Amino acid sequence: MNKTVQYILVMIFLVSVGHAKVLDAAYSVSYGIFGQLGVSTAHLETSKNSYVIEISARTTGIVKKLSRNRQEKYISKGHIVNGILISDSLRMIRSYGDKYSEKIYRTDHRKKKVTKTYIARKKGKIYKNETKELAFYSQDDLLTLYFNLPKKIDLSKAGTYEIGAVGAEKQDGKVTIIVPDMDRRSIYEKILGKGNFRYLTAIVYQKIFESNKGELMIAVGKDNIAQKAVLKDLVLYGDLVVERIK
């Protein structure tokens, strides 16, 4: 399960900021017979013209031991224009055992250019340090995209939307969001529960736990914070479930 925490992070990105200056949320992640795999937290701070978003995740219980205490953190920093968060940098930090890696994305909005630096260490010694320019540009990264989502698409209007995001190069820099129509709402209610929710699906083009479709179903509460997310029908052990605990 060496990708468990990475996918936990993807799931909680759909927390929405609204007009908050400080926002915090915490989630529990469970998977079939294994029970709880880990916990994850999201934090946002905004000032007049700038923001910082931090998403952290760690494994718990037996998974913590099996994954050699795997931990991840994503940090996005940037500026705010007309209420929209615009990413200037994104860091993805991962550690387990004696290994540490970091991806640093820097966006030059004037030149519409994104560079990615990858640094990897083992036992404190750097064995890889490389920088390259990416083939795409976006004002959003994976974190700002979901915080900005209600301002980029009409979540009350059914449809399929494709939005660019730095950090999603395995998906050619694009993330797909599906807003279901009323005919499909009952499916979401059955899986995620009934309530005053907006339902949507995020498509993640990665081979995580051999999911049949890679579709993450999400329920967003009236406070614009994701309450529950489910990745359905994973091979062997059932569903991967994320629920808000704070």
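Key figures for this structure:
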quantity: Charge context of Lys151, other residues only, Cβ under 15 angstrom, K/R +1, D/E -1; calculated: +1
quantity: Geometric extent, Cα atoms of the range 21-244 - Rg, Dmax (angstrom); calculated: 18.1, 55
quantity: Theoretical FRET efficiency, 1/(1+(r/R0)^6), r = Cβ-Cβ of Lys112 and Lys21, R0 22 Å, to 0.05; calculated: 0.15
quantity: The range 21-244 - accessible surface per residue (Å², probe 1.4 Å); calculated: 52
quantity: Cα-Cα over 18 Å, subset of Lys112/Lys170; Lys73/Lys111; Lys64/Lys99; Lys132/Lys170; Lys170/Lys228; Lys157/Lys222; calculated: Lys112/Lys170; Lys73/Lys111; Lys170/Lys228
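The values are calculated or read from the model by the stated rules, or taken from the named source; none is laboratory data. Source: prediction; values computed, not measured. Cβ atoms come from the backbone with ideal geometry, glycine included; neighbour counts cover every protein chain shown. We work out accessible area using only protein heavy atoms, side chains counted, and drop any ligands, DNA or RNA first. Shrake-Rupley method; radii C 1.70, N 1.55, O 1.52, S 1.80 Å.
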